[in-house]
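Asker: I am attaching a structure below and will ask some questions about it afterwards.
The values are calculated or read from the model by the stated rules, or taken from the named source; none is laboratory data. In this text the structure is predicted, and so the values were computed from the model without any measurement. Heads up, the Cβs are rebuilt from the backbone with ideal geometry, glycines too, and the neighbour counts pull from every protein chain shown.
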Amino acid sequence: MENSFSIENIKSLYPDAIVTKNGVDEIDYHVLSLILAQELNDIQDQLNEKDYQILRITERLDVLEDTNLWA
């Protein structure tokens, strides 16, 4: 696995972050940063939702344990 992205990788993954100046593709780092920040925010939201789901499952298991349904 490569440690860095090539402009072609970025172009295929984040085409909005590429600008062409004088016929040469360049990375618009401001736009790329905004896109990546949004992706990180989405991942954080997904992790928070998973944490909430795990909490709810744990609470339900605790209730089942307290009702002695396993005995």
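Asker: Specify the residue that is nearest to the chain's Cα centre (by Cα); the eligible residues are those in segment 23-71 that are in a helix (DSSP H, G or I) and of a type in the set (Ser, Thr, Tyr).
Answerer: My answer is 33.
Asker: Quick one: residue 20 ticks every box in (1) assigned to a helix (DSSP H, G or I); (2) farther than 16 Å from residue 5 by Cα bar one, so which box is it?
Answerer: With (1) assigned to a helix (DSSP H, G or I); (2) farther than 16 Å from residue 5 by Cα applied to residue 20, the lone miss is (1).
Asker: Identify, from the list 31, 24, the residue that is touching a residue at least 12 places away in the same chain (Cβ under 8 Å), among the aliphatic types (A, V, I, L, M) and either out of contact with any strand residue (DSSP E or B) (no Cβ under 7 Å at 6 or more places or on another chain) or exposed (fewer than 10 other Cβ atoms within 10 Å of the Cβ) (or both).
Answerer: Exactly one of 31, 24 is touching a residue at least 12 places away in the same chain (Cβ under 8 Å), among the aliphatic types (A, V, I, L, M) and either out of contact with any strand residue (DSSP E or B) (no Cβ under 7 Å at 6 or more places or on another chain) or exposed (fewer than 10 other Cβ atoms within 10 Å of the Cβ) (or both), namely 31.
Asker: Of the residues that make up segment 3-15, is at least one surrounded by 11 or more Cβ atoms within 10 Å (Cβ to Cβ), assigned to a strand (DSSP E or B) and of a type in the set (Val, Ile, Thr)?
Answerer: No - not one qualifying residue is present in segment 3-15.
Asker: Spot the failing condition for residue 53; the list is (1) modelled with pLDDT under 95; (2) surrounded by 10 or more Cβ atoms within 10 Å (Cβ to Cβ); (3) among the polar types (S, T, N, Q), and only one is missed.
Answerer: Condition not satisfied by residue 53: (1).
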